[in-house]
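Okay, structure first, notes after.
The values are calculated or read from the model by the stated rules, or taken from the named source; none is laboratory data. Not measured: the values here are computed from a predicted model. All Cβ positions, glycine included, derive from the backbone under ideal geometry; neighbour counts span all protein chains shown. Each accessible area value is taken on the protein alone, full model and side chains, heavy atoms only, with ligands, DNA and RNA left out. Shrake-Rupley method; radii C 1.70, N 1.55, O 1.52, S 1.80 Å.
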Amino acid sequence: MQKGAIRQHGKFWWLKYREDVLENGVRVRKTVNKKLAPISREYQTEQSVRALADVILAPLNAGTHQTNSVDSVQAFLESFLAKGEGGRGHKLRQSTVKSYQDMYKIAKPHLPQMELRKVRTPDINVIMRAVAAEDDGDDRRAQTVYYNLKNFLSSAFKYAVRDGLVDFNPVREAAIPVGAETDTHAYSLEEVRTIVDGLKKPVAKALVIVATLTGLRSEEIKGLRWEDYDGEVLNIRRAVSAGNCSSRPLPLVTM
């Protein structure tokens, strides 16, 4: 059982101890120096700060301490992209990987030079604000870029939590900067025809055509059944999406 070494340095009490950490995916033994408390009337002697040290050492001595990663933020994110696996353990689609790679390029110049396990929500906010600071006047990034950037970082840290590299996801409560409004593009019938012709699966073709002619969301289209259409009205009774339920009539133009 380790008790650690308590010492004074400057205006603070410090605890020096050893713990197992993950470095490049390998378990190694590291020396840790952790600030306990400022030297004050309450904490005048080594014995007065022993209780603070015991709280830190208790899970180590009990064998319940979670082995976190000491890899840098940049090294971890590059490893995350290389594996192509999301925070929930599913293999990422190639389009998602490409989007995450684009977001990584945006964030890379602003990543903190610190260990992954030490990242907190304020550090994520610094990254987001630094990216937003690059925007110049009317040439701002679209709001969706910031949503996608936060989604990429959140997915990466969910993966880290799941693999025991960090204790929690610091991205969850991070703020999203205000970006430019995204222009909504309406496809012409000729563009829709080009899209449909480029698809191979009949289901995909049907999805695009129904979405074009009805304006339904993909979740609502997935929930459609033949009995929902009575010849004149398409009744939206369900949507295939967690926590999302739609119910409304939709008149259709008959040919």
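Points worth noting:
- Among the residues of segment 201-224, those that are exposed (fewer than 15 other Cβ atoms within 10 Å of the Cβ), modelled with pLDDT of 85 or more and of a type outside the set (Val, Ile, Thr) comprise Lys201, Pro202, Ala204, Ala206.
- For beta carbons closer than 7 Å, sequence separation of 6+ or different chains, a first residue in segment 194-206 that is closer than 18 Å to Leu216 by Cα and a second that is open to solvent by 90 Å² or more (accessible area, probe 1.4 Å) and hydroxyl-bearing (Ser, Thr, Tyr), there are no qualifying pairs.
- Considering segment 138-162, and only residues there that are more than 14 Å from Pro177 (Cβ to Cβ) and open to solvent by less than 70 Å² (accessible area, probe 1.4 Å), the residue that is nearest to the chain's Cα centre (by Cα) turns out to be Ser154.
- Sole residue being in a helix (DSSP H, G or I) and either modelled with pLDDT of 90 or more or under 24 Å from Val145 (Cα atoms) (or both), chosen from Val55, Val131: Val131
- Test: Ala82 is under 19 Å from Leu36 (Cβ atoms), at pLDDT 85 or above and in a helix (DSSP H, G or I): no
- When Gln47, Gln66 are screened for being at pLDDT below 85, of a type in the set (S, T, N, Q) and open to solvent by 40 Å² or more (accessible area, probe 1.4 Å), only Gln66 passes.
- Extreme residue, most open to solvent (accessible area, probe 1.4 Å), among residues of segment 168-200 that are under 21 Å from Ile127 (Cβ atoms) and modelled with pLDDT under 85: Val178
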